[in-house]
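The values are calculated or read from the model by the stated rules, or taken from the named source; none is laboratory data. Just so it is clear, the structure is predicted and the values come from calculations on it, not from any experiment. Because the Cβ atoms are built from the backbone with ideal geometry, glycine has one as well, and the counts that use them run over all protein chains shown. For accessibility, only protein heavy atoms count, side chains too; no ligands or nucleic acids. Shrake-Rupley method; radii C 1.70, N 1.55, O 1.52, S 1.80 Å.
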Amino acid sequence: MSLDVTPQLLAEAEKGEVREEDFVDTVRASLPYAYDLIARLAGELRSSEAEFADNQTPPPSEKERGQLLRALSSDAIRGSLERHFGIALAFQNCHRVAAFRPETVGGATHTRFTSLRAQILNQSPEFRDC
């Protein structure tokens, strides 16, 4: 299971709409490695003039890798994190996630990062089963 949903949040969802702040809090508590990594990238991006900030360090274990994959493979989780931090995320392999300024999506650097060529160049045998 991806998220540890509290009974209160489940009841809220059963009644109708869920507050995004409550959802992000659930993501923070359920997927702390993924949340902290994305928070760090957002902070690095905000504090620099760089076009993007990215992570190239593999997670310390499969548990953390799983958190990152779950966060980025869910449209709801990924979208909420993007809105919460004011960034656009791009993902290349089992740990290389990048934070971009939303207005740069579709620009030269973002397009290069998300290109087929970049995906191929960021592969190695150890990524086959990640």
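Before moving on, here are some points about what is shown:
- When the Cα atoms of the chain are aligned to their principal axes, the ranges along those axes come out at 45, 34, 24 Å in descending order.
- Shown for the chain: the carbon plus sulfur share of the solvent-accessible area, taken with all protein chains present and a 1.4 angstrom probe, equals 53%.
- Using the rule -39500 (n - 2.57) for each DSSP H run of four or more residues, divided by the residues of the chain, the 222 nm mean residue ellipticity is -16000 deg cm²/dmol.
- DSSP H segments from the chain that extend 18 Å or more along their own axis, Cα-based, with Kyte-Doolittle mean of -0.5 or above: 32-46
- Exposed loop sites are taken as GluC sites (Glu not before Pro) in a DSSP loop (any state but H, G, I, E or B) with at most 13 other beta carbon atoms within 10 Å; the longest stretch of the chain without one runs 50-130.
- Trypsin sites (Lys or Arg not before Pro) restricted to DSSP loop in the stretch 1-53 with at most 14 other C-beta within 10 Å: R19
- Sites K63 and R83 - FRET efficiency at Förster radius 30 Å, r taken between beta-carbons, to 0.05: 0.70
- Each Lys and Arg Cβ is given +1 and each Asp and Glu Cβ -1; about its Cα centre, the stretch 58-123 then shows a dipole of about 100 debye.
- Rounded accessible area per residue of the chain, 1.4 Å, Å²: 59
- Positive-end residue, the chain charge dipole about Cα centroid, Cβ charges, pick of A118, G86, L10: A118
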